[in-house]
Every structure is written in structure tokens, then in C-alpha cells.
Amino acid sequence: MAELTALESKIGEVLGLAMAAQDATQKVEKLVREEGEHDDLSQTLQRMAKEAKETEERTTALASELDGKKTAILEKARETKQEATEMMSTYLGDDADALDGFEFLTMAEAGEVGHWSVVGTMNAKAHVPGLQELVEWATPIQQRHFQQTLEGSVQLAAEEDPNEPA
């Protein structure tokens, strides 16, 4: 398998995070549906899942353009997805509720914003064809996802009884 540059490795990471985001949004949406009366949050999560899928597709297409690196980038993506999935399983145990889910997604989305910022910064020196356009497309979406998950967390927290035993 081809050896990856630092930037190509980061491309694999953002790809893996996009893959993991699809599973995470589905899991959290299930938690939201179980609690009911949050169609707005369910719709947000469905839109986020679609955008994560599109991010995966666009990033995979870019990886295909990197001479002989697609397989190695996809392997890095699978490793990253597995790590993110393990983190989600640890954070969202059997007793997880919708608030727990949104708190997890807030952390995950902050990580995605950070990763895309790193990719953009590294590409300022590398000038990989098509990558800057992908960064400029993905970064605002990730920033919006972070903001939406933060707002969802706050909305759900406001509905909690702060004096109720945990």
C-alpha cells in the first residue's frame, strides 16, 4: 500500500469522520425519536446525515484523483471511522438519552471543524488540486453542524429537571 503524506493522512481522517457521522446521527436520531416531540431535531439530524454522506462522496472522489493513494486513504478513513465509533459506543452507553447524544455530536462536530481547518491549512502549502474547493465547501457545513448540535444540546438541557437524580 502507498505511503501517505501528512496531508493525505488528514484527508483520510476527515473522510473517516464523515463516515462515522452518518452512523452517529442515525443513533442520536433514534434516541430523539424515543423521547418524542422533537421533530425539529430529527430533521436536523437527517439533514446532517445527508450532508455527511455527500462529504464522504466528495472526499472519496478527491482521493480517487490522488495517484495511487485512494486505497491507503480509504484504509486510514476506515481506521478513523472505527476509532470514532468506539468513542461513540463508550460515550453513549445503554442508558444514553437524546441530550447525551447531542452532547456527543457537539464534541464530534467540533472535531470535524478542527480537522477540516487543519486540512485547509496544510493544503495552503501543498496545493492539492481540488482540495481547497472541497475545504471551502465542507468547512461551513461542519461549522453549521457544530452550531446546530450545540443548540440542540442547549434545547434539550433546558427541558431537563436540574434537580432530578442522575
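Taking Glu109 as the residue in question, decide whether it is farther than 21 Å from Val135 by Cα and either at pLDDT 95 or above or in contact with a Ser or Thr (Cβ under 8 Å, 6 or more places away or on another chain) (or both). Considered against the rule, which asks whether it is farther than 21 Å from Val135 by Cα and either at pLDDT 95 or above or in contact with a Ser or Thr (Cβ under 8 Å, 6 or more places away or on another chain) (or both), Glu109 comes out as no. Reported count of residues in segment 129-166, each being touching a residue at least 60 places away in the same chain (Cβ under 8 Å), farther than 26 Å from Glu65 by Cα and either surrounded by fewer than 16 Cβ atoms within 10 Å (Cβ to Cβ) or acidic (Asp, Glu) (or both), is 2.
Here Ala124, Ala157, Ala138 are screened, and the one residue that is within 14 Å of Ala21 (Cβ to Cβ) and assigned to a helix (DSSP H, G or I) is Ala138. In this structure, Asn123 does satisfy being in contact (Cβ under 8 Å) with a residue 40 or more places away in the chain and over 21 Å from Lys53 (Cβ atoms).
Of all residues in segment 126-144, which are in contact with a Ser or Thr (Cβ under 9 Å, 6 or more places away or on another chain) and within 27 Å of Arg33 (Cβ to Cβ)? Hits for segment 126-144 are Ile141, Gln142.
The values are calculated or read from the model by the stated rules, or taken from the named source; none is laboratory data. These numbers were taken from a predicted model, which means no experiment stands behind them. Note: ideal-geometry Cβ built from the backbone for every residue, glycine included; neighbour counts use all protein chains shown.
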